[in-house]
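The values are calculated or read from the model by the stated rules, or taken from the named source; none is laboratory data. For clarity, every value in this text was computed on a predicted model and none was experimentally measured. Cβ: placed from backbone, ideal geometry, glycine included. Neighbour counts: every protein chain shown.
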Amino acid sequence: MMTKEIAAIRIARELQDAERSVDQALSKIATLASSMASARVETGLRPVAGQSAIMRLGETQRSLISASTGLLRVHGDLLKVNFEVQAIADENGDCPGMKKTPMRNLKVA
């Protein structure tokens, strides 16, 4: 049987990995958007060229921002569960504090 501490450590590690993955995806999307816009300018293409692709990329970026917000809410909820079961302490301050980052005030883009 798994202990509460081991379960909490595993979940914390996987949550951090998920948060990092979404941030990396957001970064790559931003780089791609910049490259697409720059290519259009630097090659002298009309502004309409590739516009639908840029619009879809923007939708993708908004979806990732929404996913990031969702993960922050999950993180806050898990923090509450952790306090209830007293599994592990947030020694490095990675968890969103309820006073520092109120989850209820985050809006989905």
Residues being surrounded by fewer than 14 Cβ atoms within 10 Å (Cβ to Cβ) and either acidic (Asp, Glu) or more than 17 Å from GLU19 (Cα to Cα) (or both) - total across segment 50-71: 7
Using the structure shown, decide if SER21 is closer than 30 Å to GLU84 by Cβ, among the polar types (S, T, N, Q), free of Cβ contacts under 8 Å to residues at least 40 places away in the same chain and part of a helix (DSSP H, G or I). yes
Just checking, which of GLY93, GLY97 is at positive phi, loosely packed, with under 12 Cβ neighbours inside 10 Å, at pLDDT below 90 and part of a loop (DSSP other than H, G, I, E, B)? GLY93
The residue from ARG10, ARG20, ARG73 that alone is over 11 Å from the mean Cα position of the chain (by Cα) and basic (Lys, Arg) is ARG10
Here the qualifying pairs (Cβ atoms under 8 Å; residues six or more apart or on different chains; first in segment 62-87 and over 29 Å from SER27 (Cβ atoms) and touching a residue at least 24 places away in the same chain (Cβ under 8 Å); second buried (at least 16 other Cβ atoms within 10 Å of the Cβ) and of a type in the set (Gly, Ala, Ser)) come out as VAL85/ALA8; ALA87/ALA8
